[in-house]
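**Q** Pasting a structure below so you can have a look.
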Amino acid sequence: TGYSSLRYLQQLDLTVMKIDQLFVRGLRKSRPRQLVRSVIEMAAGLNLQVVAEGIASIDQLRTLQALNCELGQGYLFSPPVSVEEIDSLLGAAHTYPVGLGDSAPIIPAPRRARDPGAHIVTTNDIDVG
């Protein structure tokens, strides 16, 4: 009692909120989609960047874009790569094919100045119960 994870959103110096792939997988259903929408809107109100994890399909990407989620990661863009490979991909402003005639740019997110003590919170960390 008294230790809701949502409380930490107020107490910690957060800059990024990640949406867990579990929620991204459920985007076809109304309730998970509404939950993701609410998380994105809450993050915007708190001036947090939002990153959706586990984007595997063009439908998930388009749904997240429609919900105003600007950053994402997942197999749709690339399998995991080494540090050397990611540096060259980001430096080249590479685009990945994500559907017939479509592509998604892979652009480094603007880096915000942050306190070394700042934290990232994920939807795994949010306990609304």
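**Q** Keeping to the stretch 33-54, report how many residues are open to solvent by less than 60 Å² (accessible area, probe 1.4 Å) and in a helix (DSSP H, G or I). Break it down into steps so the answer makes sense when it comes.
**A** Let us first name the residues in the stretch 33-54 that are open to solvent by less than 60 Å² (accessible area, probe 1.4 Å), namely 36, 39-40, 43, 48-54.
Then drop every residue that is not in a helix (DSSP H, G or I), which leaves 36, 39-40, 43.
Of the residues in that region, 4 qualify.
**Q** Within the stretch 58-88, work out how many residues are at pLDDT below 80 and closer than 23 Å to Q21 by Cα.
**A** Within the stretch 58-88, residues that are at pLDDT below 80 and closer than 23 Å to Q21 by Cα number 3.
**Q** Something else: For the stretch 55-83, give me the residue count where each residue is surrounded by 19 or more Cβ atoms within 10 Å (Cβ to Cβ) and assigned to a helix (DSSP H, G or I).
**A** Residues that pass the stated criteria total 4.
The values are calculated or read from the model by the stated rules, or taken from the named source; none is laboratory data. Every value quoted in this text rests on a predicted model; they were computed, and no experiment measured them. Virtual Cβ from ideal backbone geometry, glycine too; neighbours counted across all protein chains shown. When the accessible area is computed, the model is the full protein with side chains, heavy atoms only, and any ligands, DNA or RNA have been set aside. Shrake-Rupley method; radii C 1.70, N 1.55, O 1.52, S 1.80 Å.
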